[in-house]
Amino acid sequence: MGDGIINAYSDMENRMTATAPTIRVRNLSKSFGAAEVLKDISVDFQEGTVTSLLGASGSGKSTFLRCLNYLEIPSAGEILIEGVPIGATVCNGTRKLHSPSEVARMRMKLGMVFQSFNLWPHMTVLGNVIEAPMRVLGLPRKEAVEIGRQFLAKVNLTDKESAYPARLSGGQQQRVAIARALAMQPKVMLFDEATSALDPELTGEVLEVMRGLAAEGTTMIVVTHEMRFAREVSDRVLFLHGGAIEEEGPPEQIFGSPKSERCRRFVSTVMN
Amino acid sequence: MLDRLKDSLDLSVFWEYRVILLSGFGQNLSIFLLAGILATAIAFLIGAARLNRNWFIRTGALGYSEFFRNTPEYVLLVWVYYIMPILLTNLLKTRFDLSPYAAAVLALGVAYSGFMAETVRAGLLSVPKGHVEAALALGMSRRAILFRIVMPQAVRRMLPEALNQYVSLFKATSIVSLIAVEDIMYRVSMVNVDQMRPLPLYTGAALFYCLIIITASQIIQRLTNGWRVRGWA
Amino acid sequence: MIDNLNRFVFANIDSLLNGLWVTVYVCFWGLLLAVALGLVMCLVRLYVPVLRYVAIAYIEFCRATPILVQLLWVNYVWPDLFGFPSSVVGAGIIALALQSSGYLAETFRSGIEGLPKGHVEAGVALGMGPVQIFIRIVLPQVALVMAPSLINQIAVIIKSSTLISVIAIPDLMYEALRIVNQWFEPIEILTSVGLLYFILIFAISMTANQLAQFFNRKLGLVA
């Protein structure tokens, strides 16, 4: 019996270290005034996985993503990045809000790519990419430039490093935005409808970069309408409806044989 | 009437007294520059305060800018000239005199700080929220965001309107003659007393201002159009 | 200080109210003249082929010269040059009108040009004549869009009217300065008069703002 207990403990230990989620969300709720946008969501995100968030407009997927890096402040629940809470610590039911600098420090672990790119127009492409490594990580300029160039090369925009964002196409701007987020070498990359604002012929180049990142084993959470990308690249798909996770599972399940009726209807409408 | 018209446009008297008149104009210019600097400095403080998280600071700034935008400059000028010395004398317990020049700079600077504060506020607000969010998402501190992301863009965006405000300020410096600052209008009336030729003198003064303001406005128009085309402002 | 308030402000309340009346009088007629001149100049600029350059010169002149300079010019030069105005009050009214007519002409122009062409085209397609289109379609919309700017100009005129005291028009500012020079006690008088001007002008520009917001919200018009 002694053996059994020791085995049980080491099993538990193994399970804990082997499957410690990079992001753990517990009972996340968010209301805007009277409207409840996220209802008590609990979900884990494992390292190295690509998770796609699907759902109709208003289902809360963007809000969920923005809660992860505390750009939206949850009404209830907590979010743990590598075991450390972001934004607020919940202790015996009371929430203790973190200071802005604490939140900023946690945000360094997450990289976000926005639908509207949000490149800073008064800085060059390279300037955009090295700004955060220099200001936030405190890297000296030479080092930041090296890292910046490395990631610009990754998104195939080395030749544009001294251009200003206004001169670039949408697809190019979004790739710069991805390089900017990558330059901070975050643990998780968050994509908030990264291709929705792009003309159709430009989405390809961005999706290609995202596929490349996925193939390298980057942990990604992607809110998207690009169903082909979701099906081909994700390890797991979450289907949101009305602020809750209606269904979750591997792409084969969500796209092939969804269990919920709403999910089935959504997938069939969008795939046509 | 035709010979009267000729008399009005006979600017030889203007030319004759050009040294005196131009040195008067120098007063207008220097008051304009100093008041402009004062107005801009205050405007940044108040404009930023309008967006502060604290309700009291926000409302105080709003009160400040509404008060100075809705009070006539001449009233402020007279008030500062007559009453500031009395207040300061009582406050500092020593005799304090405010020269007309200083009163003019102070009054005009403060008067236009109200307008410029609005311009600053509009400029700060016009920076897209997404740019700030991107900076936040990268973990930048609020201070870094203000100085590296918001300010550079806000200043460029507020420049066209600010330049228009400066032109208005320059026009407003014409009233300093009313508290005996020896500016161009003061000198014009002095010369009139001497020469008794109001037609060319006052017409000349009007045309002079006209020329300067229209030229300045045209230059500003060209500049801001160029900026807009290049996506700067 | 309350005692002083009584002595200087309330004792002289009669002459101050007279001054206020003169201010209102001059501003009222100045505004009327400004609207008339502004409208004429705007229409000439937009629709009359050769004279439009005169209109443009007029508008630029009115906007580029400071009000004080215009005031002195109208008061000292015009009687000799044009034969009128024959009184300082007339000069004040004309000068205020000149200043605002330039700004109003531009306001009218942006209002008229800002009207979506489609509205006029719809009228034409329905067979309406140009005058009818102007009166029934263009003018009402333009008038609504410009109302806030117009009200703002009232505030500007009142602010500029403080200067008409310089040519000895007995307005509010004139009376206030007269009392100050008489008694050498400027604090109560100037502060009271200053606050009065502020309250008046603030009320007017608040109205303009509320109106603009109202039009924007209810009718989707942007000033």
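The values are calculated or read from the model by the stated rules, or taken from the named source; none is laboratory data. Quick caveat: nothing in here was measured; it's all calculated off a predicted structure. Glycine gets a Cβ as well: all are built from the backbone with ideal geometry, and neighbour counts include every protein chain shown.
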So how many residues does the range B:167-215 have that are crowded, with 19+ Cβ neighbours inside 10 Å, of a type in the set (A, V, I, L, M) and more than 19 Å from residue B:29 (Cα to Cα)?
3
Pull up the range C:71-81, narrow it to residues that are free of Cβ contacts under 8 Å to residues at least 60 places away in the same chain, within 7 Å of another protein chain (Cβ to nearest Cβ) and part of a helix (DSSP H, G or I), then point me to the one that is surrounded by the most Cβ atoms within 10 Å (Cβ to Cβ).
C:73
Is it the case that some residue within the range B:136-143 is among the polar types (S, T, N, Q) and either more than 10 Å from chain A (Cβ to nearest Cβ) or not in a loop (DSSP other than H, G, I, E, B) (or both)?
no
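Inspect the range B:171-187 for any residue being more than 30 Å from residue A:121 (Cβ to Cβ), without any contact (Cβ under 8 Å) to a residue 60 or more places away in the chain and assigned to a helix (DSSP H, G or I) and give the result as yes or no.
Taking the range B:171-187 as the starting set, the residues that turn out to be more than 30 Å from residue A:121 (Cβ to Cβ) are B:171-187.
Imposing the further condition that a residue be without any contact (Cβ under 8 Å) to a residue 60 or more places away in the chain reduces the set to B:171, B:177.
If we keep only those that are assigned to a helix (DSSP H, G or I) too, we end up with B:171, B:177.
Yes, that holds for at least one residue.
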Check off (1) more than 11 Å from chain A (Cβ to nearest Cβ); (2) more than 20 Å from residue B:28 (Cβ to Cβ); (3) in contact with a Gly (Cβ under 7 Å, 6 or more places away or on another chain) for residue B:114 and give me the number that stays unchecked.
(3)
Restricting attention to the range B:136-148, does a residue exist that is surrounded by 22 or more Cβ atoms within 10 Å (Cβ to Cβ), at pLDDT 90 or above and at positive phi?
yes
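Within the range A:219-260, take every residue that is β-branched (Val, Ile, Thr) and under 17 Å from residue A:24 (Cα atoms) and give me the one that is nearest to the chain's Cα centre (by Cα).
So the first thing to find is which residues in the range A:219-260 are β-branched (Val, Ile, Thr), and the list is A:219, A:221-224, A:233, A:237, A:245, A:254.
With under 17 Å from residue A:24 (Cα atoms) added as a condition, the list becomes A:219, A:221-222, A:237, A:245.
On the way: A:219: 8, A:221: 4, A:222: 6, A:237: 13, A:245: 16 Å.
Here the residue is A:221.
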Among the residues of the range C:50-64, is there at least one that is buried (at least 16 other Cβ atoms within 10 Å of the Cβ) and in a loop (DSSP other than H, G, I, E, B)?
no
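Here's the yes/no breakdown for (1) buried (at least 20 other Cβ atoms within 10 Å of the Cβ); (2) in contact with a helix residue (DSSP H, G or I) (Cβ under 7 Å, 6 or more places away or on another chain); (3) within 30 Å of residue A:241 (Cα to Cα); (4) within 14 Å of chain B (Cβ to nearest Cβ):
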position	(1), (2), (3), (4)
A:57	no, no, yes, no
A:61	yes, no, yes, no
A:89	no, no, yes, no
A:93	no, no, yes, no
A:100	no, yes, no, yes
A:110	yes, yes, yes, yes
A:121	no, yes, no, yes
A:157	yes, yes, no, no
Select from the range C:159-171 the residues that are within 7 Å of chain B (Cβ to nearest Cβ) and under 17 Å from the mean Cα position of the chain (by Cα) and write down the one among them that is nearest to residue C:91 (Cα to Cα).
C:163
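Go over the candidates B:213, B:220 one by one and state the one that is hydrophobic (A, V, I, L, M, F, W, C), under 24 Å from residue B:8 (Cα atoms) and within 14 Å of chain C (Cβ to nearest Cβ). Show your work before the answer.
On the way: B:220 fails: under 24 Å from residue B:8 (Cα atoms).
Among B:213, B:220, only B:213 is hydrophobic (A, V, I, L, M, F, W, C), under 24 Å from residue B:8 (Cα atoms) and within 14 Å of chain C (Cβ to nearest Cβ).
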Looking only at the range C:172-191, how many residues end up being within 11 Å of another protein chain (Cβ to nearest Cβ) and either part of a helix (DSSP H, G or I) or surrounded by 21 or more Cβ atoms within 10 Å (Cβ to Cβ) (or both)?
12
Note on residue A:229: of the conditions (1) part of a helix (DSSP H, G or I); (2) farther than 20 Å from residue A:62 by Cα, unmet is (2)
Candidates A:213, A:157, A:168 - the one that is closer than 24 Å to residue A:137 by Cα, out of contact with any strand residue (DSSP E or B) (no Cβ under 7 Å at 6 or more places or on another chain) and touching a residue at least 12 places away in the same chain (Cβ under 8 Å):
A:157
Answer yes or no as to whether residue B:230 is farther than 28 Å from residue B:105 by Cβ and surrounded by fewer than 19 Cβ atoms within 10 Å (Cβ to Cβ).
yes
Just give me the residues in the range B:190-210 being facing chain C (nearest Cβ under 9 Å) and of a type in the set (S, T, N, Q), in sequence order.
B:192, B:203
Any chance the range A:160-168 includes a residue that's farther than 22 Å from residue A:51 by Cα, buried (at least 18 other Cβ atoms within 10 Å of the Cβ) and at the interface with another protein chain (Cβ under 9 Å from one of its Cβ atoms)?
yes
Kindly indicate which of C:112, C:59 is aliphatic (A, V, I, L, M) and under 21 Å from residue B:209 (Cα atoms).
C:59
Given the conditions (1) surrounded by 15 or more Cβ atoms within 10 Å (Cβ to Cβ); (2) closer than 22 Å to residue B:183 by Cα; (3) of a type in the set (D, E, K, R), and given that residue B:16 satisfies all but one, which numbered condition is not satisfied?
(1)
Among the candidates B:44, B:56, B:68, B:32, single out the residue that is more than 13 Å from every other protein chain (Cβ to nearest Cβ) and in contact with a helix residue (DSSP H, G or I) (Cβ under 6 Å, 6 or more places away or on another chain).
B:44
Regarding residue C:149, is this residue in a helix (DSSP H, G or I), of a type in the set (Ser, Thr, Tyr), buried (at least 17 other Cβ atoms within 10 Å of the Cβ) and more than 14 Å from chain B (Cβ to nearest Cβ)?
yes
Do any residues in the range B:78-91 that are more than 8 Å from chain C (Cβ to nearest Cβ) have Cβ atoms under 6 Å from those of residues that are modelled with pLDDT of 90 or more, where the two are at least six apart or on different chains, and which pairs are they?
B:80/B:103; B:80/B:106; B:80/B:107; B:81/B:103; B:81/B:179
Filter result (of a type in the set (Gly, Ala, Ser), in contact with a helix residue (DSSP H, G or I) (Cβ under 7 Å, 6 or more places away or on another chain) and within 14 Å of chain B (Cβ to nearest Cβ)) within the range C:192-218
C:192, C:194, C:205, C:208
The lone exception for residue A:192 - which of (1) charged (D, E, K, R); (2) free of Cβ contacts under 8 Å to residues at least 60 places away in the same chain; (3) more than 21 Å from residue A:145 (Cα to Cα) it fails
(2)
Selection from the range A:247-272 of residues that are in contact (Cβ under 8 Å) with a residue 60 or more places away in the chain and not in a helix (DSSP H, G or I)
A:248
